[in-house]
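S.K.: There's a structure below that I have some questions on.
The values are calculated or read from the model by the stated rules, or taken from the named source; none is laboratory data. As the structure is a computational prediction, the values presented were derived from the model and not from experiment. Neighbour counts run over all protein chains shown; Cβ positions are idealised from the backbone, glycine included.
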Amino acid sequence: MNSQYVNGVYRTRMRILACILCASLAVLTIRVAYIELVRGDYLEEMADELHNRERTLESKRGDIVDRNGTVLATSGSICRVSVVHNQIQDEEQVAKKLSDILGLEYEKVLEKVQKKVALQIIKNQVSTEEANQIRSENLKGVIIDENYDRYYPYGSMAAQTIGFVGSDNQGVVGLEVAYDQYLQGLDGRILSLTDARGITLEDIGEKLEEGAEGHVLQTTLDVRLQQYAEQLIEKAVTQKNAKKGALIAMNPQNGEIYAMALYPSYDLNDPFSIQEEALIQQWESMDESQQMDALNQMWRNWCINDTYEPGSTFKIVTASAALEEAIVGLDETFHCGGSLVVADRKIRCHKAGGHGTVTFLQGIQESCNPVFMTLALRLGADRFYEYLKVFQFDQKTGIDVPGEASGIMHKPENVGPVELATMGFGQSLTITPIQLLRAGAAIVNGGNLITPHFGKAILNESGEVLKELSYETEEQAISAQTSETMRLALETVVSEGGGKKASIPGYRIGGKTATSQKLPRSAHQYISSFLGFAPVEDPQIMVLCLVDEPQGIYYGGTVCAPIVKEFLENALPYLGIEADYSLVDENSEPEWGEEPIGPVGSVAAPDVMGMSFQEAKKAADELELTLEALGSGEVVAEQFPQAGEEIRKGTKLIVYLKGENTNDDREADGED
Ligand SMILES: [Zn+2]
């Protein structure tokens, strides 16, 4: 072979090679164009499918427990069944088995099974038994994931406090929202590595990224006290045909809330079912936003989220301010002629004829309005407002549930003598029940402003403490001395004054009554309340009872004091606070020559039901009882005490008049 020949062959080969290369390039170009233009969507789909094959493993939401570990909210295991279309070998068989076990319609299941998607959910809430049955069938392409469902073992108990979760297992209201970050946990993931056709690669299979269980919230609530509070408040609201009611029990030393019972309530396991009969009737005719409003109203913790005019329980604030500023002594005397003229207005005391000459202490016991008007005026608007700030009525308490409101009061520059005087006895300003409870706690606990709260600690699943929750306390908001004086003064409200119905033999109980008239005052609707605490020497529990719009007799001392008494009678021994019966003997023996308590001066209350005012008055006079009438009807519809009950001579028989309106002027402002 000569070189020329070689060169020729070489050249020919090179030409052929170039042609092949060109052709290949052309094919490649066309192929790329085809892939980009025509198959692009398909490839994107495949990429999506790879992405979709990550399944979320829901973490178990942590429990909410009471102070003793009793479970208030928990998460039960619930399974989800899905199918991966291109792993299924026999569509009809899979559809048949799944529809049989899950009790679903075959046609619908088949439709889902045949859907050409990466992952199709067949059913969400599947019991463990059903899931196990499906597992035992060993069906290719069927996946079972475990999820968790929230469950509240006590149903409606403490509903407005605990709150509930949505379908995404996130808190919607209450403690479930406030502690979401601890309760929620971390979701895990299952990554399925697949080939382009979406088939799980056998040798690698599924990769699990473990999530983490949510932590447990230990609350300050006590199931036994909470249940008892709920029974009592339900009874009170039902018996008094009231709109609603609440009973809150708190440790005044540290702000731990033992019970917060609101009635009516709702079922935490079925939170979207309206409970109120009237609303159930109207439900269908309401539009969506009206329905949502009604539900929000039902879920609302109005002890924290809403303000009200406190009335006479607020006198403890005025009294504390006056003592702290040393502008009054317990034995200083005041005169109450039934009203006080402030600026150009005559502002009445609740006792129409007046209390006459009373000491400051008696003013507290009898809840005499002119005494507190005088003190508020003596303090002056600036100093009065300083104390509203001392007790932080202008701020939220910081309680650990969302949506808290704070007090609403006049701007200081708009406060004239009338506003100031009426604020002195708890009108012309509104506060939340929880704000009142906090102020009350500071007044009796030695002067420290605590933060009311429900969260005690964060625990792990085995109950070990991960984090103790702590709250702010402002030491000595008022002096220990003022606090001690107030404790003793409030004890006499129960032993001598308007709070007698809260007294329990063997215990030193303190308290203050209130009967606040709701706005507009012309509607003659009231909120009865009583704030009590025990034991006076070292308060361990403080209870606030509110009954909104009781019908008939509405005095706080009559409606709420007995409820607080009943609660404390059980709560005190339960908390390990024993009765001291030496206190009983001292009180019941008339060794000081006082009017003896007992059968000598007592009579059985007459039955005046159905009588006219005049007839009832006559019956009361005969037994040396003072008759006090409420309401503006003609006949007695309710009486207190009940007929036959032993009462001391000289004490009050209260009747509520109903029926034909006679437009008379016997109506009272409230006993307090
Ligand atoms: Zn008075």
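S.K.: Those residues that are within 26 Å of the chain's Cα centre (by Cα) and buried (at least 24 other Cβ atoms within 10 Å of the Cβ), I need them from the stretch 414-433; list them, please.
M.R.: Scanning the stretch 414-433 gives Gly426, Ile431, Thr432, Pro433.
S.K.: Please specify each residue of the stretch 639-653 satisfying the condition of being assigned to a strand (DSSP E or B) and either more than 38 Å from the chain's Cα centre (by Cα) or surrounded by 18 or more Cβ atoms within 10 Å (Cβ to Cβ) (or both).
M.R.: Gln639, Phe640, Glu646, Ile647, Arg648, Leu653
S.K.: Taking only pairs six or more apart or across chains, which ones have beta-carbon atoms under 9 Å, a first residue in the stretch 344-367 that is more than 20 Å from Ser428 (Cα to Cα), and a second residue that is basic (Lys, Arg) and within 11 Å of the ligand (Cβ to nearest atom)?
M.R.: Glu366/Lys351
S.K.: Something else: Which of the residues that make up the stretch 451-489 are closer than 30 Å to Leu175 by Cα, outside any strand (DSSP E or B) and aliphatic (A, V, I, L, M)?
M.R.: Those that are closer than 30 Å to Leu175 by Cα, outside any strand (DSSP E or B) and aliphatic (A, V, I, L, M): Leu469, Ala477.
S.K.: May I pose another question? Is it the case, given these coordinates, that Thr318 is on the phi < 0 side of the Ramachandran plot and within 16 Å of the ligand (Cβ to nearest atom)?
M.R.: So Thr318 fits the description; yes.
S.K.: Name the residue, out of Gly356, Gly407, Gly416, Gly380, that is under 29 Å from Asn254 (Cβ atoms) and either in the same structural domain as Glu325 (by TED's automatic domain parsing) or more than 16 Å from the ligand (Cβ to nearest atom) (or both).
M.R.: Result of the check over Gly356, Gly407, Gly416, Gly380: Gly407.
S.K.: May I pose another question? Restricting the stretch 295-323 to residues that are farther than 19 Å from Thr492 by Cβ and touching a Phe, Trp or Tyr at 6+ places or on another chain (Cβ under 8 Å), which is surrounded by the most Cβ atoms within 10 Å (Cβ to Cβ)? Break it down stepwise before answering.
M.R.: Narrowing the stretch 295-323 to residues farther than 19 Å from Thr492 by Cβ: 295-311, 321.
Now restrict to residues that are touching a Phe, Trp or Tyr at 6+ places or on another chain (Cβ under 8 Å): 295, 298-299, 311, 321.
On the way: Leu295: 16, Met298: 19, Trp299: 21, Gly311: 26, Ala321: 24.
Per the criteria, the residue is Gly311.
S.K.: Now, a different point. Of Gly598, Gly576, which residue is modelled with pLDDT of 90 or more, part of a loop (DSSP other than H, G, I, E, B) and more than 19 Å from Lys512 (Cβ to Cβ)?
M.R.: Result: Gly576 is the single residue among Gly598, Gly576 that is modelled with pLDDT of 90 or more, part of a loop (DSSP other than H, G, I, E, B) and more than 19 Å from Lys512 (Cβ to Cβ).
S.K.: Identify all residues within the stretch 54-107 that are among the polar types (S, T, N, Q) and either touching a Pro at 6+ places or on another chain (Cβ under 8 Å) or within 30 Å of His453 (Cα to Cα) (or both); write none if there are none.
M.R.: Ser59, Asn68, Thr70, Thr74, Ser75
S.K.: Pull out all pairs, ordered by first then second residue, where Cβ-Cβ is under 7 Å, the residues are six or more apart or on different chains, the first lies in the stretch 570-584 and is more than 16 Å from Glu537 (Cα to Cα), and the second is β-branched (Val, Ile, Thr).
M.R.: Taking only residues 6 or more apart or on different chains, the pairs are Ala571/Ile541.
S.K.: Those residues that are among the β-branched types (Val, Ile, Thr) and free of Cβ contacts under 8 Å to residues at least 60 places away in the same chain, I need them from the stretch 235-280; list them, please.
M.R.: Across the stretch 235-280, the qualifying residues are Thr238, Ile274, Ile280.
S.K.: Another question, if that's okay. Among the helices (runs of 4 or more DSSP H) contained in the stretch 210-299, which hold 2 or more residues that are over 21 Å from the mean Cα position of the chain (by Cα)?
M.R.: Here the list reads 277-282, 288-299.
S.K.: Still on this structure: Which residues, taken from the stretch 82-107, are under 15 Å from Gly141 (Cβ atoms) and either in contact with a Ser or Thr (Cβ under 6 Å, 6 or more places away or on another chain) or among the basic types (Lys, Arg) (or both)?
M.R.: Lys96, Lys97 - these are the residues of the stretch 82-107 that are under 15 Å from Gly141 (Cβ atoms) and either in contact with a Ser or Thr (Cβ under 6 Å, 6 or more places away or on another chain) or among the basic types (Lys, Arg) (or both).
S.K.: Further question on the same structure: Exactly one condition in (1) more than 11 Å from the ligand (Cβ to nearest atom); (2) over 34 Å from the mean Cα position of the chain (by Cα); (3) charged (D, E, K, R) is false for Lys396; which is it?
M.R.: (2)
S.K.: Of the residues that make up the stretch 533-544, is at least one within 15 Å of Leu232 (Cβ to Cβ) and not in a strand (DSSP E or B)?
M.R.: Scanning the stretch 533-544 turns up no residue that is within 15 Å of Leu232 (Cβ to Cβ) and not in a strand (DSSP E or B).
S.K.: Something else: If Gln290 meets every condition in (1) within 12 Å of the ligand (Cβ to nearest atom); (2) more than 29 Å from Glu491 (Cβ to Cβ) apart from one, which number is that one?
M.R.: Condition (1) is where Gln290 drops out.
Per-residue answers, yes or no, for (1) buried (at least 23 other Cβ atoms within 10 Å of the Cβ); (2) modelled with pLDDT of 95 or more; (3) away from the ligand (no atom under 13 Å from the Cβ); (4) over 39 Å from the mean Cα position of the chain (by Cα):
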{"site": "Ala326", "(1), (2), (3), (4)": "no, yes, yes, no"}
{"site": "Arg348", "(1), (2), (3), (4)": "no, no, no, no"}
{"site": "Pro370", "(1), (2), (3), (4)": "yes, yes, no, no"}
{"site": "Tyr385", "(1), (2), (3), (4)": "no, yes, yes, no"}
{"site": "Lys389", "(1), (2), (3), (4)": "no, yes, yes, no"}
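S.K.: Looking at the stretch 498-525 only, could you name the residues that are surrounded by fewer than 24 Cβ atoms within 10 Å (Cβ to Cβ), under 19 Å from Lys351 (Cβ atoms) and touching a residue at least 12 places away in the same chain (Cβ under 8 Å)?
M.R.: Result: Lys500, Lys501, Gln517, His524.
To keep it simple, each residue is scored yes or no on (1) surrounded by fewer than 19 Cβ atoms within 10 Å (Cβ to Cβ); (2) under 30 Å from Glu256 (Cβ atoms).
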{"position": "Arg61", "(1), (2)": "no, yes"}
{"position": "Asn68", "(1), (2)": "yes, yes"}
{"position": "Thr74", "(1), (2)": "yes, yes"}
{"position": "Asn86", "(1), (2)": "yes, no"}
{"position": "Glu92", "(1), (2)": "yes, no"}
{"position": "Ala95", "(1), (2)": "no, no"}
{"position": "Glu107", "(1), (2)": "yes, no"}
{"position": "Lys140", "(1), (2)": "yes, no"}
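S.K.: Failed condition for Cys336, given (1) hydrophobic (A, V, I, L, M, F, W, C); (2) within 14 Å of the ligand (Cβ to nearest atom); (3) surrounded by fewer than 21 Cβ atoms within 10 Å (Cβ to Cβ), with all others met?
M.R.: (3)
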